[in-house]
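The values are calculated or read from the model by the stated rules, or taken from the named source; none is laboratory data. Worth saying up front: this structure is predicted, and the values here are computed from it rather than measured. Note that we place each Cβ from the backbone using ideal geometry, even for glycine, and neighbour counts take in every protein chain shown. Areas reflect the complete protein model, heavy atoms only, side chains present, ligands, DNA and RNA absent. Shrake-Rupley method; radii C 1.70, N 1.55, O 1.52, S 1.80 Å.
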Amino acid sequence: MTKPADQFKWQELTVGFVIPEPGTAREYHTGDWRSTHPVWDEKKCIKCGRCWVFCPDMAVFQKADQYFTMNPDYCKGCSICSRECPTEAITMLEGK
Amino acid sequence: MTEPSRKKIGVEVSIAVSEAVKQCDVDVVSAYPITPQTHIVEHLAELVAQGELDAEFVPVESEHSAMSVCAGSVAAGARTFTSTASQGLALMAEIVYCVSAMRLPIVMVVANRSLSSPLSIWNDHSDAMMVRDSGWIQVFVENGQESYDHIFWCFRVAEDEKSLHPVMLNMDGFILTHTIEPIEYWEDEMVKKYLPPFQPKFRLHPEHPLTMGAFGPPEIFTECKKAQDQALIATMPVIEKAWEEMEKICGRKYSAVETYRAEDAKTLLVTMGSFSETARVAIDEMRETGEEIGLVSLRLWRPFPFEKFRNAVKNAENLIVIDRAMVFGGPGGPVASEIRSALYSGKKRPRIVNFIAGLAGRDVQPDDFYQMVQHAKTKIKDGTEDEYEIYGVRE
Ligand code: SF4
Ligand code: SF4
């Protein structure tokens, strides 16, 4: 979007509140909600990719060394990755 | 210009309505059958199956899906029609609200029927009133010819680039839908002249991705609602123009607020839908006995025609408002309550007497209007006019 949502006057909104450009969900940082965060223990990780598959926000990504981690902009701290990991390589810690 | 065709044919109003939809050359019809709308969508399904109408007929498993299909198809730029009634409208209500805010110009006929329970398939306005605040343009018609004519009007008003709103045509279930009436059809050239092709402002297209129906956090939701309200109010000139142009094409004159023998009338009946036609007969009879009475027929329900309505009743001392729906635990019928708020700020306010009549298809004849007028006089004399009355209830 051209400017933050709280700066639009009603007259400036598009017909039907259409957002005429694609991919704007990227600008919405769901990571803001996080109150716990996942931490990967690479010694336990077998690189199966389940955390990557199950993350509902597609916040898990594979690094160059093929281990996984999360993108703090979009990880909302739901702990699904931690629950699904078969080797208990992911621990949820308090805080962002 | 094509000479208006004057030949009338006797036809069931539902069939005439679906013929009008065909003449509008719709691209998509999606509907779920429900009494008393059934004949409309059945006939459209036949027209598509027989190759007389080049459209997609999407049969769905529920009204919720019907309106969802309509949302998608109109968003892709297709001229789209649906129809429902009562419980069907209740089931689709979620999407009814979505499409108006998204400014998707769907045309829907509601064959007005009461909401359960008790289960009823008969006519009243409780379904329309349930979605009163959904942001649709809502119009009521009095008879078969008006139902037919207004299909063209609905598409024109919906799709106009200055409008882009869904439009709901309310026609009384059975009383209109299942009656055979003499109806004057439009020539196809008249429709072509009246209704330009649909040109959406935004459309879903794989080559031009965009987002429709995005979420609106608290920072922007209020601005969205203000914009939506203003946009609906701003359709008034489009609405009026569509009626003016229709008169030029078919010779029939319609308006947001219509009056009958009202000029010198101290007392005015106020009605919507097919009530209005019966009320005219009653007024003629009462006029013969010297009663100074006239009629205000409210055709446009949303956006509410405040100015026209105030003007139509400015000389009246008494308004007798006849509603066809309940507002449980509320201030009376929905039409009467709106009218009270519309007139409250005026210096000279008429007395407003409110009757609720004709629930679930109970017959309201000219004599019933006469009875209501007499009751109203008594109430005014007794000073009890503020209490609404359910006319004809046994007690
Ligand atoms: S905590 Fe939830 S959102 Fe964050 S990476 Fe794991 S699965 Fe994804
Ligand atoms: S699910 Fe666990 S083991 Fe599998 S890749 Fe993710 S962290 Fe490694």
Test: residue in the range B:230-238 that is within 14 Å of chain A (Cβ to nearest Cβ) and free of Cβ contacts under 8 Å to residues at least 60 places away in the same chain: yes
Residue satisfying all of: in the range B:97-135; part of a loop (DSSP other than H, G, I, E, B) and within 14 Å of chain A (Cβ to nearest Cβ); surrounded by the most Cβ atoms within 10 Å (Cβ to Cβ) among these: B:Ile106
Yes/no for B:Ile220 being part of a helix (DSSP H, G or I) and either more than 14 Å from chain A (Cβ to nearest Cβ) or open to solvent by less than 40 Å² (accessible area, probe 1.4 Å) (or both): yes
Some residue of the range A:6-20 being touching a strand residue (DSSP E or B) at 6+ places or on another chain (Cβ under 6 Å) and near ligand 2 (Cβ under 9 Å from one of its atoms): no
Subset of the range B:243-284 (residues that are among the acidic types (Asp, Glu) and under 17 Å from B:Val157 (Cα atoms)): B:Glu244, B:Glu245, B:Glu247
Matching residues, the range B:351-386, being part of a loop (DSSP other than H, G, I, E, B), open to solvent by 40 Å² or more (accessible area, probe 1.4 Å) and more than 19 Å from B:Glu317 (Cβ to Cβ): B:Arg362, B:Asp363, B:Gln365
Residue match in the range A:2-16 (condition: surrounded by fewer than 18 Cβ atoms within 10 Å (Cβ to Cβ) and either farther than 30 Å from B:Pro105 by Cα or in contact (Cβ under 8 Å) with a residue 12 or more places away in the chain (or both)): no
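Condition check ((1) under 14 Å from the mean Cα position of the chain (by Cα); (2) not charged (D, E, K, R)) across all residues:
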{"site": "B:Thr289", "(1), (2)": "no, yes"}
{"site": "B:Ile293", "(1), (2)": "no, yes"}
{"site": "B:Val296", "(1), (2)": "no, yes"}
{"site": "B:Pro303", "(1), (2)": "yes, yes"}
{"site": "B:Arg310", "(1), (2)": "no, no"}
{"site": "B:Ala316", "(1), (2)": "no, yes"}
{"site": "B:Ile322", "(1), (2)": "no, yes"}
Checking B:Ala214 against (1) more than 14 Å from chain A (Cβ to nearest Cβ); (2) more than 21 Å from B:Val257 (Cα to Cα); (3) among the small types (Gly, Ala, Ser), the condition it does not meet: (1)
Leading residue by the ranking (farthest from B:Ser14 (Cα to Cα)) among those in the range B:62-92 that are open to solvent by less than 20 Å² (accessible area, probe 1.4 Å), among the hydrophobic types (A, V, I, L, M, F, W, C) and away from every other protein chain (no Cβ under 14 Å): B:Ala78
The range A:36-55, residues that are open to solvent by less than 70 Å² (accessible area, probe 1.4 Å) and more than 7 Å from ligand 2 (Cβ to nearest atom): A:Thr36, A:His37, A:Pro38, A:Val39, A:Asp41, A:Glu42, A:Cys55
Among the residues listed as A:Thr91, A:Thr87, the single one being assigned to a strand (DSSP E or B) and within 14 Å of ligand 2 (Cβ to nearest atom): A:Thr91
Of residues in the range A:72-96 being closer than 23 Å to A:Glu27 by Cα and more than 8 Å from ligand 1 (Cβ to nearest atom), the one most open to solvent (accessible area, probe 1.4 Å): A:Lys96
Restricting the range B:166-203 to residues that are open to solvent by less than 80 Å² (accessible area, probe 1.4 Å) and within 14 Å of another protein chain (Cβ to nearest Cβ), the residue that is nearest to A:Val15 (Cα to Cα): B:Phe202
